[in-house]
Amino acid sequence: MRNTFNYLKKALNSKIDILDKDSEVGFVQFANFKSDVAGVFGTKKYQFKKKNFWSGNYDIYREDNLQLIGEVIFSTWKMRAEISLMNGEKFVIKSKNFWNTQWTMDDTNRDVVDFEQTKNFWTNEGTVTANVNDNEKMGLLVLLGIFVNFVYQRRTGEAA
């Protein structure tokens, strides 16, 4: 099943809205003075927590019972991250172009989620296309893709 969503982040806002035909279905919220990130898709809530102060990697928790469900390992040298879920599934998300406006997530067999940034001036907008049959997993992967993309955007902004 192929689903397409839009995302929208307004300037100076730490919340990225995920929209399905102009109605909000989720969001990714970066905390202002903490490294924790909240993600909501439908009725499912997640927390992305930095492993420790020195690490750039994150653990993924289901918010309702604080169960660890996976981790995100960011590459230091490339625009790429590896996602490992506790059920054994592994995904790689990486930039597809020099400008980092197109990203893809795959599970070694096929592209699962594609991201394309369509506007970046006062707002950061784009589309997310997911090809996943399980709605809960689709929501988590969409959240993780947006999260990884914006973590790299923040890092490149800090380096500039």
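The values are calculated or read from the model by the stated rules, or taken from the named source; none is laboratory data. It should be emphasised that the depicted structure is a prediction, and the values quoted were computed from it without experimental measurement. As a convention, Cβ positions derive from the backbone with ideal geometry for all residues, glycine included, and neighbour counts pool all protein chains shown. Note: areas computed on protein heavy atoms with side chains; ligands, DNA, RNA excluded. Shrake-Rupley method; radii C 1.70, N 1.55, O 1.52, S 1.80 Å.
The aspartates and glutamates whose alpha-carbon is closer than 19 Å to the alpha-carbon of residue 45, local same-chain residues fewer than 8 away aside, are 17, 20, 24, 36, 59, 63, 64, 71, 134, 136.
For 101, 43, the ranking by accessible surface with the largest value first comes to 43, 101, using a 1.4 Å probe. Summing charges over neighbours of residue 43, with a neighbour being any other residue whose Cβ is under 15 Å away from its Cβ, gives -2 when K and R count +1 and D and E count -1.
In a DSSP loop and with at most 10 other Cβ atoms within 10 Å, the trypsin sites (Lys or Arg not before Pro) in region 102-143 are 110. Pairs to check: 49/137; 21/119; 44/78. Give those whose C-alpha atoms are more than 23 Å from each other in this structure. Beyond 23 Å between Cα atoms: 44/78.
Among the chymotrypsin sites (Phe, Trp or Tyr not before Pro) found in region 100-135, those both in a DSSP coil and sparsely packed, with 10 or fewer other Cβ atoms within 10 Å of their Cβ, are 121, 122. Measuring nothing but how far apart in sequence close Cα pairs (under 8 Å, 6+ apart) lie, relative to its length, the chain scores a relative contact order of 18 percent.
Dividing the summed helix terms, -39500 (n - 2.57) for each DSSP H run of n ≥ 4, by the number of residues in the chain produces a 222 nm estimate of -5500 deg cm²/dmol to the nearest 500. Near residue 30, once Lys and Arg are set to +1 and Asp and Glu to -1 for all other residues with Cβ below 11 Å from its Cβ, the sum equals +3. The alpha carbon gyration tensor of region 1-49 gives principal lengths a ≥ b ≥ c with a/c of 1.5 or higher and a/b no greater than b/c, which makes the shape oblate. Evaluating 6.51 cos²θ - 1.76 cosθ + 1.60 at θ = phi - 60° for every residue in region 101-118, the Karplus couplings come out as 9, 10, 10, 9, 10, 10, 10, 6, 9, 7, 5, 9, 9, 10, 10, 9, 7, 10 Hz, glycine and proline recorded as x.
Between residue 4 and residue 33, full extension at 0.36 nm per residue minus the direct alpha carbon distance yields a gain of 7.2 nm.
Arrange the residues 48, 53 by how much accessible surface each exposes, largest first, with a 1.4 angstrom probe.
The ranking, largest first, comes out as 53, 48.
For the pair residue 21 and residue 57, what calculated FRET efficiency results from E = 1/(1 + (r/R0)^6), where r is the Cβ-Cβ distance and R0 = 41 Å, to the nearest 0.05?
Using R0 = 41 Å, I get an efficiency of 0.75.
With each label modelled as a point 7 angstrom along the Cα→C-beta vector, the residue 127-residue 99 pair spans 1.6 nm.
For the chain, the alpha-carbon radius of gyration amounts to 0.95 times the rule-of-thumb value 2.2 N^0.38 Å expected for a compact globular protein.
Determine the order of 76, 129, 4 by accessible area, beginning with the largest, at a probe radius of 1.4 Å.
Ranked from most to least accessible, the order is 76, 4, 129.
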